[in-house]
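Data block below; observations after.
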Amino acid sequence: MTVVNLVAYDPSWPSLFRKEAGRLLPLLKERVRSFEHVGSTSVPGLSAKATIDMMGDAPTVEDAEACIPILEGAGYSHTRNVDADWPDRRFFQYHQGLQCLYQIHLVQRDGRFWDLYIRFRDALRANPSRKGDYEALKRRLAEDYREDVGGYTRAKSGFISETLKAAGW
């Protein structure tokens, strides 16, 4: 069973992101133009589930689809049931044992999903008070939803919406 386990911010997370992006970009060639580090591990000082979220800029959904066998060959699993939430996204996870080390969201740079993730990340980076509020919420929810990762994620949605609205989204 997967549990919500937050850990303190690790300053090695940005370099782990860069290393993995550097490993994958040559494999994906023109199908993915770049990667952005998103999610809690991309916000200095914020606790996280220790899974590096990467968002890849795929020019089209067809390009993202073409990446499925390439990423599977690189050790990632394609999580089709998560794709249903965002039809223009393809979602992948890389596990080591029971630990998910990396998650990849392949989307178009000019799409809604890309904008949402970048704006939320940047809003937390720019506002220490908001980041502190998010930290407190995550800690509380990690206890309340310890054995329900989906519930934990859904319970954060109100805070995320408020933060995005305050950031003009």
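The values are calculated or read from the model by the stated rules, or taken from the named source; none is laboratory data. The model shown is predicted, which means the values in this text are computed figures rather than measured ones. Ideal geometry is used to build each Cβ from the backbone, glycine not excepted, and the neighbour counts take in all protein chains shown. Just so you know, the surface numbers come from the protein's heavy atoms only, side chains and all, with ligands and any DNA or RNA stripped out. Shrake-Rupley method; radii C 1.70, N 1.55, O 1.52, S 1.80 Å.
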| request: Return one whole number: the accessible area per residue of the chain in Å², for a 1.4 Å probe. | output: 52 Å²
| query | Relative to the longest principal axis of the chain, what angle (0 to 90°, nearest 10) does the C-alpha long axis of helix 112-126 take? | reply | 40 degrees
| residue 101 - accessible surface, heavy atoms, 1.4 Å probe, Å² rounded to 10 | 50 Å²
| query | In nm, what is the difference between 0.36 nm times the number of residues separating residue 161 and residue 18 and their Cα-Cα distance? | reply | 48.7 nm
| For the residue pair residue 33 and residue 169, what label-to-label distance in nm results when each label sits 7 Å from Cα along the Cα-to-beta-carbon direction? | 2.0 nm
| query | So what is the calculated 222 nm ellipticity per residue for the chain, using -39500 (n - 2.57) for each DSSP H run with n of 4 or more, over all residues, to the nearest 500 deg cm²/dmol? | reply | -15000 deg cm²/dmol
| Cα-based helix-to-principal-axis angle, 13-28 vs the chain, degrees rounded to 10 | 20 degrees
| note | SASA check, residue 27, accessible area w/ 1.4 Å probe, all protein chains in place, rounded to nearest 10 Å², comes out at 80 Å²
| task | Could you please state how large a percent of the accessible area of the chain is carbon and sulfur, counting protein chains only and using a 1.4 Å probe? | result | 51 percent
| remark: For the chain, the longest principal axis of the Cα atoms and the Cα long axis of helix 61-73 enclose an angle in degrees, to the nearest 10, of 90 degrees
| task | Take every DSSP beta bridge with both residues inside the chain and express the antiparallel ones as a percent of the total, to the nearest 5. | result | 70 percent
| note | Under the rule rounded for a/c under 1.5, else prolate if a/b exceeds b/c, else oblate, using alpha carbon gyration tensor axes a ≥ b ≥ c, the stretch 72-159 is classed as oblate
| Once the piece of chain linking residue 9 and residue 154 is laid out straight, how much longer is it, given 0.36 nm per residue of separation minus the C-alpha distance between them? | 50.0 nm
| Could you give the length gained on full extension between residue 2 and residue 140, defined as 0.36 nm per residue of separation minus the Cα-Cα distance, in nm? | 47.9 nm
| the chain: Rg/Rh from Cα coordinates, Kirkwood Rh? | 0.94
| note | Quick note, the stretch 12-61: a/c under 1.5 would make it rounded; otherwise a/b > b/c is prolate and the rest oblate (a ≥ b ≥ c, C-alpha gyration tensor); here it is prolate
